[in-house]
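Engineer: The structure that follows is given in the form of structure tokens.
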Amino acid sequence: MSLELLQRKELFRQDAFWSGAWRKGNPDLKIEVTNPSNLEILGRVPSLGRKETLEAIQTSLHAFQDWSKRPAKERSILIRTWSDLMKKNREDLAVLMTLEQGKPLAESRGEIDYAASFLEWFAEEGKRVYGDIIPSHRRDTKIEVIKEPVGVCGILTPWNFPSSMITRKVGAALAAGCTVISKPSELTPFSALALAVLAQEAGIPEGVFQVLTGYPEEIANTLIDSSEVRKISFTGSTRVGKLIMERSSKTLKRLSLELGGNAPFLVFDDADLESAVKGAILSKFRNAGQTCVCANRFLIQKGIYNDFVSLFSESVLKLKTGNGLEKDITIGPLISELAVQKVENHVKDALDKGAKLQLGGKRIEPGKLFFSPTVISEVPENSLSMQEEVFGPVAPVYRFESMEEALQVANSTPSGLASYVFTEDYRKMRFLAENIKAGMLGINEGLISTEQVPFGGLKESGFGREGSKYGIQEYLNVKYVCIGGF
Ligand code: SIN
């Protein structure tokens, strides 16, 4: 039971898409892609490097000459058609995603909708890229501000959201008039390649969207070092984000970096318990805890603490772990052995430091990469799971006394991506909205991602915003024009 489920077999490509064609690359250099649920090999993709990346850059530059000059409406129609094709092929794209990434099919379907929504959104936003006319300081001049696409963009995306992290960037870039070279994670390239099939079917011209498969270093470094690539957008770890920023300084590229998080999830005594627990489940266990905006640390006030831990644990017990293609599964496998070892280590560390295991805490069937949904209470602040991004189905719960303490713990991290607060007190909501150091805040809500909002972080979670009316600005340069002689 696997690839036979696809209605349209041609969406499954084992080659890459650059310089105007589907190509196999060097037949001796291939990457095997496995299904994390059962470790079966799904297929192989080319392991490309510097040579192919340089070719793709030239193709992209060439395509930019025409694409950037097309009327926004013309680009919009093509991007919109691409989005419509994603919706039409939703089931196949979702199956492919579950096979290579492991997330439950319902979540994959949700991700395809989410991914298509970015193309649809930016197809519209592209038509609203306005400049300005500024009152001049002299009688004989006129002043204009115009917006121009930044040029060829390299986008580097992770395995946890194999489609939407691509469309969130590509939609904005293409709508702005840029051309894109996409380097998906080597763990989940098939979703990206299926997107390229649909881009071609939509009529996106040659060289406007290319997909290079391979290990990150050589492709990414070639993109970063090229002075012809004018922007890199990266979603991934803070460690790699810093390396990209350092290396990009040689060509002073524009950057968008969406990096790691360590989201605090604060529940106050006055919160609605059921809605807090519902939010906690959504926020923590989506994609088996493998999202940058997952609640990482649960900070619960002392008066509601025991009730929260008990109702939360009861709800976690209802989650069903297994192969994401099977009915009613809500938690899939983790992506790799290393990912499982990391959460094992977080659990052990918390227990060694005196925390209490409420449930879970170990690997479970039906495969090597499954980890049971875990709740640990009385977790001290110096535990690894409070300090680092967990990226797995483990929920550490910390007890706090006062708002001041909660805020201090919430902000005591170099990360600042998402945060969550549950309270019925309007004053607390306002105070925390103004004082939590994060780029995004959910108040009485555990699921905050959608295409209309500016997604992005502060501090070491990076910079730049994706989605929303702000997202397209990341792919535009502002040019001032002074016209004399009046
Ligand atoms: C991410 O984990 O980087 C993205 C999650 C989202 O868009 O909700």
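Engineer: Quick query: amide H of L359 versus all other amide H atoms, modeled in the peptide plane; which residues come in under 5 Å with a sequence gap of 5 or more or a different chain?
Structural biologist: Here the answer is V375, since their amide H atoms fall under 5 Å of that of L359.
Engineer: Can you sort E52, E148, E4 by how many other beta carbons sit within 10 Å, fewest first?
Structural biologist: E4, E148, E52
Engineer: Still on this structure, please answer the following. Using the Cα centre of region 338-486 as the reference point, and only Cβ charges (+1 on K/R, -1 on D/E), how large is the resulting charge dipole? Debye, rounded to the nearest 20.
Structural biologist: 280
Engineer: Quick one: which residues, 5+ away or cross-chain, put their amide H under 5 Å from the amide H of L266? H built at 1.01 Å from N.
Structural biologist: L299, Y420, V421, F422
Engineer: Then there is this: Past the 26 Å Cα-Cα mark, which pairs from K73/K479; K87/K278; K51/K127?
Structural biologist: Violating the 26 Å limit, Cα to Cα: K87/K278; K51/K127.
Engineer: Over the chain, what is the relative contact order in whole percent, taking alpha-carbon pairs under 8 Å and six or more residues apart?
Structural biologist: This gives 18 percent for the chain.
Engineer: According to a simple spin-label model (label point 7 Å from Cα along Cα-to-Cβ), what is the distance in nm between E148 and A106?
Structural biologist: 5.0
Engineer: List the relative contact order of region 424-483 as a percent without decimals, with contacts defined as Cα pairs under 8 Å and 6+ residues apart.
Structural biologist: Normalised by residue count, the contact order of region 424-483 is 21 percent.
Engineer: To the nearest µm²/s, what D does Stokes-Einstein give for region 201-246 at 25 °C and 0.890 mPa s, using the Kirkwood radius over alpha carbon pairs as Rh?
Structural biologist: Reported coefficient: 197 µm²/s.
Engineer: To continue, here is another question. With +1 on the Cβ of every Lys and Arg and -1 on the Cβ of every Asp and Glu, and nothing else charged, how large is the dipole of region 5-151 about its Cα centre, in debye rounded to the nearest 20?
Structural biologist: In debye, rounded to 20, region 5-151 gives about 460.
Engineer: Can you tell me the equivalent ellipsoid semi-axes for region 305-381? Use √(5λ) from the Cα gyration tensor, largest first, whole Å.
Structural biologist: Rounded to whole Å, the semi-axes are 23, 17, 7.
Engineer: Once Rh is set to the Kirkwood radius over Cα pairs, what Stokes-Einstein translational diffusion coefficient, in µm²/s, holds for the chain at a temperature of 25 °C and a viscosity of 0.890 mPa s?
Structural biologist: Result for D is 105 µm²/s.
Engineer: State whether region 106-212 is rounded, prolate or oblate according to the following rule on the C-alpha gyration tensor (a ≥ b ≥ c being the square roots of its eigenvalues): a/c under 1.5 gives rounded; otherwise a/b larger than b/c gives prolate, and the remaining case gives oblate.
Structural biologist: Verdict is prolate for region 106-212.
Engineer: Under a point-charge model restricted to the Cβ atoms of Lys and Arg (+1) and Asp and Glu (-1), what is the dipole moment magnitude of the chain relative to its Cα centre, in debye to the nearest 20?
Structural biologist: Rounded to the nearest 20 debye, it is 1200 debye.
Engineer: Right, here's the next one. Sorted from fewest to most neighbouring beta carbons within 10 Å, what does the list I79, I376 look like?
Structural biologist: Least to most surrounded, the residues fall as I376, I79.
Engineer: Can you tell which of T450, P189, L255 lies farthest toward the positive end of the dipole of the chain, using +1 and -1 charges on the Cβ of basic and acidic side chains (Lys, Arg; Asp, Glu)?
Structural biologist: L255
Engineer: Taking 51 Å as R0, compute the FRET efficiency from the Cβ-Cβ separation of K302 and K24 and round it to 0.05.
Structural biologist: Approximately 0.25, to the nearest 0.05.
Engineer: Next question. Hey, what's the Cα Rg ratio for region 264-443 versus the globular rule of thumb, 2.2 N^0.38 Å?
Structural biologist: Against the empirical 2.2 N^0.38 Å value, I get 0.98 for region 264-443.
Engineer: Right, next: Please name whichever of Q101, N306, L243 sits farthest to the positive end of the charge dipole of the chain, dipole taken about the Cα centre and charges placed at Cβ: Lys and Arg +1, Asp and Glu -1.
Structural biologist: Most positive-ward Cα: L243.
Engineer: Measuring from label point to label point, each 7 Å out along Cα→Cβ, what is the R70 to L319 span in nm?
Structural biologist: Going by the 7 Å Cα→Cβ label model, 4.2 nm.
Engineer: May I pose another question? Residue farthest toward the positive end of the dipole of region 264-443, with Cβ of Lys/Arg at +1 and Asp/Glu at -1: which of G279, I329, C292?
Structural biologist: Toward the positive end, the furthest listed residue is I329.
Engineer: While we're here: Could the peptides 449-460, 280-291, 30-41 be put in order, highest first, of the mean number of other beta-carbon atoms found within 10 Å of their residues?
Structural biologist: Sorting 449-460, 280-291, 30-41 by mean packing, highest first, produces 280-291, 449-460, 30-41.
Engineer: In the structure displayed, which of K242/K459; K284/K356; K24/K69; K353/K459; K348/K368 lie more than 21 Å apart, Cα to Cα?
Structural biologist: In this structure, K24/K69; K353/K459 exceed 21 Å between Cα atoms.
Engineer: For the chain, what is the mean residue ellipticity at 222 nm derived from helices alone (per DSSP H run of n ≥ 4: -39500 (n - 2.57); sum divided by total residues; nearest 500 deg cm²/dmol)?
Structural biologist: -12000 deg cm²/dmol
Readers should treat all values here as calculations from the given coordinates under stated rules, not as data from a laboratory. What you see is a predicted model; the values in this text were computed from it and never measured. So basically every Cβ, Gly included, is an ideal-geometry build from the backbone, and we count neighbours across all protein chains shown.
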